[in-house]
Amino acid sequence: MRAEASPLGGFTEDNRLARKMGLWFALAGIALLVLGLFGAANLIIAGIAATYSVGIAMLLGSIVQVAHAAAVRGWAQSAIWLGAGLLYLGAGLAVFYDPLFAARLFVLLLAASLAGSGLLRIAVAAGKRVRGRGWLLLSGSVSIVAALAIGLGWPGNSLWLLGFILAFDLGMQGIALLLVGQTLRAKRGDRI
């Protein structure tokens, strides 16, 4: 019996497992795509959800850091981890206390990050003769324009912009998983 190449990279006699996994990828892709479409239709709700997600992550991070502080040997290290955990706890609680302020802060940090990364790419492209430096210049310029657009609309654009980013990301993940699922489910000769 001839071994058949699996879309997962190894060899297998039967592609049933890959086809089954493909179904799960496709179902996950559909679910994420539906969530992305829901978020796109309700940008403010999606923005609030994104803000609360960060708050939840901070609260969970604080629990992990405080637990780590209890496990670390030495008073100085334990105090550092405990302090970091308490800062995360405070930041997480602040997100839940005033989610609009948190959303505004997240968007401002996003604009600053885009501007900084854009400037760095432009500096690299301007400073060295590298292949494709035109693409670096273009990429950096686009990031700076995006940062300026975000900054000019700030703080009024905070919630809908976070909602848009979340909805777009969910939609793109959904499409990607659907395509992976379709590829896994395709017969050997008809892969995408």
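Can you classify region 25-95 as rounded, prolate or oblate using the Cα gyration tensor, where a ≥ b ≥ c are the square roots of its eigenvalues, rounded means a/c under 1.5, and otherwise it's prolate if a/b beats b/c and oblate if not?
Working: a/c = 7.11, a/b = 2.35, b/c = 3.03.
The shape class here is oblate.
For region 121-192, just say rounded, prolate or oblate: build the C-alpha gyration tensor, square-root its eigenvalues into a ≥ b ≥ c, call rounded for a/c under 1.5, and beyond that prolate if a/b exceeds b/c, oblate if not.
Judged from the Cα gyration tensor, region 121-192 comes out oblate (a/c at least 1.5, b/c at or above a/b).
Taking the Cα centre of region 69-192 as origin, work out the dipole magnitude from +1 charges on Lys and Arg Cβ and -1 charges on Asp and Glu Cβ, in debye rounded to 20.
Value, rounded to 20: 800 debye.
Pairing the Cα long axis of helix 75-97 with the longest principal axis of the chain, what angle in degrees results, from 0 to 90 and rounded to the nearest 10?
Helix 75-97 sits roughly 80 degrees off the main axis of the chain.
Under the rule a/c < 1.5 gives rounded, and otherwise a/b versus b/c splits prolate from oblate, where does region 36-145 land using the Cα gyration tensor?
oblate
Of the accessible area of the chain, with the probe set at 1.4 angstrom, what percent is carbon plus sulfur?
Accessible surface attributable to carbon and sulfur in the chain totals 73 percent.
Using only the alpha-carbon atoms, how far is helix 16-41 inclined from the longest principal axis of the chain? Give it as 0 to 90 degrees, nearest 10.
On a 0 to 90 degree scale, this one is about 40.
Out of these labelled values of P(r) over Cα pairs in 5 Å bins from 0, in percent, (i) 1, 8, 17, 20, 19, 14, 10, 6, 3, 1, 0; (ii) 1, 6, 10, 14, 17, 18, 15, 9, 5, 2, 1, 0, 0, 0, 0; (iii) 1, 8, 10, 10, 10, 11, 12, 13, 12, 8, 3, 1, 0, 0, which was calculated from the coordinates shown here?
Read-out taken from this structure: (iii).
Taking only protein heavy atoms into account and a 1.4 Å probe, give the accessible area per residue of region 75-192 in Å².
That works out to 65 Å² per residue.
What is the distance in Å between the Cα centroid of region 158-182 and that of region 29-58?
9
Roughly how tilted is helix 133-153, in degrees to the nearest 10 and between 0 and 90, from the longest Cα axis of the chain?
The angle comes out at about 50 degrees.
Taking 0.36 nm per intervening residue step and subtracting the Cα-Cα distance, what contour gain separates I80 from K20 on full extension?
16.9 nm
Order S113, S139 by their accessible area, 1.4 angstrom probe, all chains in place, largest first.
In descending accessible area the options line up as S113, S139.
At 0.36 nm per residue, and after removing the present C-alpha to C-alpha distance, how many nm does the segment from M172 to S141 gain when stretched out fully?
8.8 nm
The values are calculated or read from the model by the stated rules, or taken from the named source; none is laboratory data. Keep in mind that this is a model prediction, so the values were computed, not measured. Positions of Cβ are backbone-derived with ideal geometry, glycine not excepted, and every protein chain shown enters the neighbour counts. Keep in mind that these areas ignore ligands, DNA and RNA; they rest on the heavy atoms of the full protein, side chains included. Shrake-Rupley method; radii C 1.70, N 1.55, O 1.52, S 1.80 Å.
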